[in-house]
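Engineer: Provided herewith is a single structure, encoded as structure tokens, for subsequent inquiry.
The values are calculated or read from the model by the stated rules, or taken from the named source; none is laboratory data. For clarity, every value in this text was computed on a predicted model and none was experimentally measured. Cβ coordinates were reconstructed from backbone atoms using ideal geometry, including for glycine residues, and neighbour counts include every protein chain displayed. All accessible areas refer to the heavy atoms of the entire protein, side chains included, with ligands and DNA or RNA removed. Shrake-Rupley method; radii C 1.70, N 1.55, O 1.52, S 1.80 Å.
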Amino acid sequence: MTEKNTPLLDELEKGKWPSFVTEIKRAAVKSEAAGELLQVLERSYKERRGHWKHGGIVGVRGYGGGVIGRYVDEPQTYPNVAEFHTVRLLQPSGWFYNTKTLRTVCDIWEKYGSGLTNMHGSTGDIILLGCKTEHIQPIFDEFSEAGFDLGGSGSCLRTPNCCVGPGRCEHACYDTLEACYNITNEFMDELHRPMWPYKSKIKFSGCANDCTSSIARSDCSVIGTWRDTLRIDQEAVKEYAAKMNIKAAVCDKCPTSCLTFNAETQELSVVGEDCTRCMHCINVMPKAIQPGKEKGATILIGGKSTIVQSAFMSWVIVPFMKMEAEDDFAEFKDLMRRIWEWWDEHGKSRERIGETIYRLGMTKFLNGIEVAPVPQMVFRPRANPYVFWNQDDLDRSGTALDGSKL
């Protein structure tokens, strides 16, 4: 099979959308590894099976993660991809780059690797696809001199990532960019040195729109919210009323029916204690409705894809927490250390935090991390037996979303 004989891959170049096949072909002009990658991929599509082996001890001095070993299963047939390791680089918060930085990344990578990149991986890292074992340390040394560091891989804290936050979004309820940067630096040892039962991810979203998809994809989701009530500009509501049906578009779609529109006065009212901060009304009427003034974040735990158990959506464990750089995010950092300590003690091999909680029960988890149960942790607190209350729970001081003591 020659580089040009790829009929199955050629089909993926048809249509109006960009194709990864086209980009690999462009890289193959200068990289023999990229050319052989096309051959291996075409063969995999034809035979309907993969030709890659994952694993092996590859890395850089002093680090336990950041490099993923990959080998083709027929090195004698494809010598240029016999070793095709992946290198992960820490990305900046919000994925803000200037052109000089991007050129530096590409120049170093083309010098040592295949030239193929993934901007960005599912966790968020800059993914550099395809290098030989002998080049891993030189790549790391040059990237370190240029100000970069390796991302996470293996049973460690995976590279935290965040939405664009206040950098470009008026809905952000806390500074996701600063939180991600600060907390990444705080837990750098946990990121570079695998020490847990399995991987752990933290994702920061500035509001409940959850642009990082953290609730479904991260072990710890930090979702921006507010503790007081929505702010409503009644004059702006009247402007919206002139061009849209507010009752049908906003009130009828509110999940808790906490909004009411008076057609006579053309005013919108809200029952604050019923609001779940879902962002729907703000998304539809951003000029008329804004988040409350007392802003912070809701902390959720346990989201993941299918591994030992099926895919999980994360559960609320702290309805409201201040996320302020002034106190160095101390409360959140303390919570994460307690969660990881409990999981490290009770988790089985390749068991994510959510799976350990599912196996042992939410009550044991909350007792272990010394967090009092609150109604926001369950969908219907009066009917859901998932959390069992006991006197020790009630004796501990818990704070509800509205600030009241339980």
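Engineer: For Cα pairs less than 8 Å apart in space and 6+ apart in sequence, what is the mean separation divided by the residue count of segment 7-145, i.e. the relative contact order in percent?
Structural biologist: 20 percent
Engineer: Roughly how large, in nm² to one decimal, is the mean projection of the convex hull of the alpha-carbon atoms in the chain?
Structural biologist: Mean projected area for the chain: 24.1 nm², to one decimal.
Engineer: In addition: Of the cross-linked pairs Lys53/Lys132; Lys203/Lys293; Lys253/Lys322; Lys243/Lys287, which ones have a Cα-Cα span greater than 18 Å in the structure shown?
Structural biologist: Lys203/Lys293; Lys253/Lys322
Engineer: Okay, next question. Whenever you get a sec, compute what percent of the accessible area on the chain sits on carbon and sulfur atoms (1.4 Å probe).
Structural biologist: 50 percent
Engineer: Can you give me the C-alpha center-to-center distance between segment 234-305 and segment 50-71, rounded to a whole angstrom?
Structural biologist: The distance from the Cα centre of segment 234-305 to that of segment 50-71 comes to 48 Å.
Engineer: Can you send over the solvent-accessible area of Asp344, 1.4 Å probe, protein chains only, in Å² to the nearest 10?
Structural biologist: Roughly 80 Å² of Asp344 is accessible to a 1.4 Å probe.
Engineer: If you roll a 1.4 Å probe over the heavy atoms of the protein chains, what accessible area per residue do you get for segment 1-68, in Å²?
Structural biologist: With all protein chains present, segment 1-68 gives 67 Å² per residue.
Engineer: Where the convex hull is taken over the Cα atoms of segment 7-145, what is its projected area averaged over directions, in nm²?
Structural biologist: About 9.6 nm², averaged over all directions.
Engineer: Charges only on Cβ, +1 for Lys and Arg, -1 for Asp and Glu: so what's the dipole of segment 191-311 about the Cα centre, in debye to the nearest 20?
Structural biologist: Around 760 debye, computed over segment 191-311.
Engineer: If packing is taken as the average count of other Cβ atoms within 10 Å, what order do 351-364, 259-272 fall into, highest mean first?
Structural biologist: Ranked from most to least packed, the peptides come out as 351-364, 259-272.
Engineer: Let me ask something else about it. For segment 194-241, just say rounded, prolate or oblate: build the C-alpha gyration tensor, square-root its eigenvalues into a ≥ b ≥ c, call rounded for a/c under 1.5, and beyond that prolate if a/b exceeds b/c, oblate if not.
Structural biologist: Here segment 194-241 falls in the prolate category.
Engineer: Separate question: For segment 283-349, what is the relative contact order in percent, using Cα pairs closer than 8 Å and at least 6 residues apart in sequence?
Structural biologist: 24 percent
Engineer: Set the Förster distance to 22 Å, then compute FRET efficiency between Phe20 and Ile57 from the Cβ-Cβ distance, nearest 0.05.
Structural biologist: Computed FRET efficiency for Phe20 and Ile57 comes out at 0.15.
Engineer: With contacts defined as alpha carbon pairs under 8 Å and 6 or more residues apart, what's the relative contact order of the chain in percent?
Structural biologist: The value is 11 percent.
Engineer: Hey, another quick one. Take the chain, connect every pair of alpha-carbon atoms lying under 10 Å apart with a spring to form a Gaussian network, then pick out the residue of Ala242, Ala330, Ala216 with the largest mean-square fluctuation.
Structural biologist: Checking each option, the largest mean-square fluctuation is seen for Ala242.
Engineer: Expected output is a single nm value to one decimal: the length gained when fully extending between Glu235 and Ser310, i.e. 0.36 nm times separation in residues minus the C-alpha distance. What is it?
Structural biologist: Result: 22.2 nm gained on full extension.
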